[in-house]
Amino acid sequence: MCGIVGYVGKRDAAPLLLDGVQRLEYRGYDSAGLAVVADGGLVVEKVAGRIIDLQAHLGERLPQGTVGLAHTRWATHGVPNDSNAHPHIDCGGTLAIVHNGIIENANALREWLKEKGHRFRSDTDTEVLAHLIEQFLNGSLVEAVSTALGHVEGAYGIAVVSTTEPETLVAARFGSPLLVGLGDGEHFVASDAAALLEYTRDVVYLDDGEMAVVRQDGYEITDLQAQHVEKLVTTLEWDLAKIERGGHAHFMLKEIMEQPESIRNTLRGHLLEDEGTAKLSGINLDDDELLEFDRIVITACGTSWHAALIGEYMLEELARVPVEVEYASEFRYRNPIVDENTLVIAISQSGETADTLAAIREAKQRGARTLGIVNVVGSSIAREVDGGTYLHAGPEIGVASTKAFTCQVAVLALLTLRIGRLRALSVLQGREIVQALQRLPEQVAEVLSQADRVKQVAETFMRAQNALYLGRGYNFPVALEGALKLKEISYIHAEGYPAAEMKHGPIALIDDMMPVVFIAPKDAVHRKILSNIEEVKARRGRVLAVVTEGDEQITELADHVITIPESIDPLTPVLSVLPLQLFAYYTAVRRGCDVDQPRNLAKSVTVE
Ligand code: AGP
């Protein structure tokens with residue numbers, strides 16, 4: 001939800017902290033601040049608004065000092081304003097803390113600390129931590145943090161500096177992501193690697209219940225009782241260029257246009273054409289184990305949940321395995337029927353979504369084998385599942401997920417091949433799917449070459465207040481995804497429905513003001529959706545249809561069409577979603593919306 005950066009080194013901390021936290025702004029951006037230990041004192045500056053507002057507030061007055069921390073916020077407790085912005089300090093102003101997560105017993109701790117004479121300046125749960133550490137500070141900052149955290153319930157990623165130990169930064173993680181960046185005579189902490197890629201690619205990921213004590217000349221990882229913990233150093237693949245906009249107006253457009261390459265990266269090394277199957281070494285399951293499962297549960301949130309629905313259709317139709325798709329936030333609390341014969345798959349771009357992480361832990365507790373389909377290497381979900389596959393889609397910075405979705409569907413097709421060839425798919429059927437997957441990157445490029453056309457269509461719909469998205473079969477989840485994209489970045493209310501469901505209610509909404517987007521490729525249910533389009537046209541609805549090249553019937557009926565090349569039914573969603581991503585993007589740009597950082601949203605939802 002929030003972004004944290006910390007630095008201990010020989011260079012001026014403030015410019016590094018501002019640069020690093022700017023790269024994390026997609027995690028939350030309603031207020032920001034930094035703290036620098038300078039000349040035995042602590043300088044804290046914070047404002048409501050974006051990093052740019054903080055830079056304007058600081059102007060030339062950057063605090064001088066080589067130890068500090070910074071934060072960009074996504075408010076959970078306390079409205080976005082100057083006093084609720086992070087960092088928060090103790091009564092004496094000698095220590096500062098930044099936090100990502102939620103302290104669930106903050107109110108009780110606040111009352112206890114007030115009785116002890118502490119005075120609070122904000123409405124946040126985080127400030128409680130500052131006073132709690134102050135309460136236990138008796139010489140060692142590390143011990144004070146460790147003792148304080150022993151009283152805390154909830155999720156946190158924190159970083160703390162203090163004038164009592166001006167050369168030390170203490171960080172700790174329980175539930176929210178945090179890593180340490182290793183430099184030469186300098187060290188960093190951050191919520192994710194994007195903040196420090198410019199300075200180092202060697203990092204140590206913290207696990208839940210771990211602390212990092214960071215100094216200029218070294219670092220130590222301990223558990224919450226300050227006992228030493230041995231950790232691996234990971235060298236990151238991604239480089240800085242990968243997280244820059246590459247000349248595009250927005251990260252979202254860059255990531256939409258990257259999809260031919262990202263899908264190629266997802267498929268690389270997995271396709272076995274002769275055997276008509278896929279190789280997925282990371283899942284840590286052999287043929288016998290894959291045959292043991294009597295059902296699959298796929299759990300996720302948001303866009304990843306839409307990809308999961310397509311996975312259900314594929315696995316049931318082609319691998320003949322019963323599949324259920326579960327909202328992670330519901331799955332974790334509803335006492336699901338899951339056991340050692342269930343394979344539970346978590347889909348998450350960030351690998352940090354709290355509900356999905358908790359769903360995986362719930363499934364493991366009930367004896368299920370767990371797999372992760374994740375994009376961010378080294379993320380919490382990737383490290384907690386029994387096996388999995390990375391998307392290799394590259395960093396996705398735009399809050400609205402695009403390339404991760406198409407790569408998730410591609411991985412689900414690989415998994416369907418792997419399991420299907422063991423259960424129901426013939427080598428010829430398998431080869432057909434492999435060849436269709438191999439054609440995808442070029443076909444995706446072909447669809448994206450129509451971007452200008454989509455821009456024109458978006459122009460005609462940009463004043464709409466509402467929109468309906470309708471699809472059938474494999475493209476019903478695409479209708480949901482298209483509606484979500486439009487909602488989250490253009491703020492137009494939109495709903496996705498199975499096209500046949502329309503007659504059971506939503507058709508009442510249809511009039512000449514209602515844009516209706518049909519996802520209608522030439523697939524097994526094409527004839528059915530044709531009549532649904534006629535029903536909408538009969539009520540003067542305005543129709544934008546995504547159709548297969550050469551589809552004259554729908555072209556005659558619809559007001560606007562965007563064409564996609566032919567593919568096998570299970571893979572049409574990878575092509576049919578592209579015009580919907582572009583449509584939402586151009587509509588949002590035309591309406592002057594902040595496409596990369598839409599209001600009220602954050603890239604990875606690390607709290608419940
Ligand atoms: C999608 O555009 C949104 N950003 C959101 O719905 C997202 O898909 C959801 O929060 C799940 O995120 P994850 O894939 O990182 O777990």
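Some points to look at:
- For region 301-408, the set of trypsin sites (Lys or Arg not before Pro) satisfying both a DSSP loop assignment and a count of at most 12 other C-beta atoms within 10 Å is given as Arg320, Arg334.
- Per residue Cα convex hull volume in Å³ - calculated over the chain: 151 Å³
- Carbon and sulfur %, accessible surface of region 204-288 computed with the full protein complex present, 1.4 Å: 49 percent
- Restricting attention to region 103-204, close to 90% of DSSP beta bridges with both partner residues there are antiparallel.
- Applying the criteria of a DSSP loop state and at most 12 other Cβ atoms within 10 Å to the trypsin sites (Lys or Arg not before Pro) of region 418-500 yields Arg463.
- The residue among Ala14, Val595, Gly150 whose Cα reaches farthest toward the positive pole of the charge dipole of the chain, with charges on the beta-carbon of Lys, Arg, Asp and Glu, is Val595.
- Each Lys and Arg contributes +1 and each Asp and Glu -1, all at the Cβ; summed about the Cα centre of the chain, the dipole is approximately 1320 debye.
- Temperature 10 °C, viscosity 1.306 mPa s: under these conditions the Stokes-Einstein estimate for region 196-318, based on its Kirkwood radius over C-alpha pairs, is 81 µm² per second.
- Additional length obtainable on full extension of the chain from Arg361 to Glu153, 0.36 nm per residue less Cα span: 73.1 nm
- For Thr76, distant residues with modelled amide H under 5 Å away: none
- Using a simple spin-label model with pseudo-atoms 7 Å out from Cα toward Cβ, Asn81 and Val427 lie 7.2 nm apart.
- In this calculation the C-beta distance from Lys279 to Glu115 is compared with R0 = 56 Å, giving a FRET efficiency of 0.35.
- Gained length - Glu104 relative to Met513, 0.36 nm times residue gap less alpha-carbon distance: 142.6 nm
- Projected label distance in nm at Asp294 and Asp39, using a 7 Å step from Cα toward the beta-carbon: 7.4 nm
- Surface composition of region 506-550: carbon plus sulfur atoms hold 52% of the accessible area, using a 1.4 angstrom probe and ignoring ligands, DNA and RNA.
- Restricting region 3-70 to trypsin sites (Lys or Arg not before Pro) in coil, as DSSP defines it, with at most 14 other Cβ within 10 Å: Lys10, Arg11, Arg61
- Helices meeting the span-like rule in the chain (full DSSP H runs, Cα extent of at least 24 Å along the helix axis, mean Kyte-Doolittle score of 0.0 or higher): 302-319, 403-423, 427-448, 572-590.
- Stretchable slack from Glu534 to Met462, in nm (0.36 nm times residue separation minus alpha-carbon distance): 23.5 nm
- The helix-based estimate of mean residue ellipticity at 222 nm for the chain, built from -39,500 (n - 2.57) per DSSP H run of four or more residues and divided by its residue count, is -11000 deg cm²/dmol to the nearest 500.
- Mean accessible surface per residue for the chain, computed with a 1.4 Å probe while every protein chain stays in place, in Å²: 36 Å²
- Considering only Gly92, Cys301, Gly68, and ranking their Cα positions along the charge dipole of the chain that arises from unit charges at the beta-carbon of Lys, Arg, Asp and Glu, the one farthest toward the positive end is Cys301.
The values are calculated or read from the model by the stated rules, or taken from the named source; none is laboratory data. Small disclaimer: the values here were computed from a predicted structure and weren't measured. Methodologically, a virtual Cβ is constructed for each residue, glycine included, from the backbone with ideal geometry; neighbour enumeration extends over all protein chains shown. Calculation scope for accessible area: heavy atoms of the full protein, side chains included, ligands and nucleic acids excluded. Shrake-Rupley method; radii C 1.70, N 1.55, O 1.52, S 1.80 Å.
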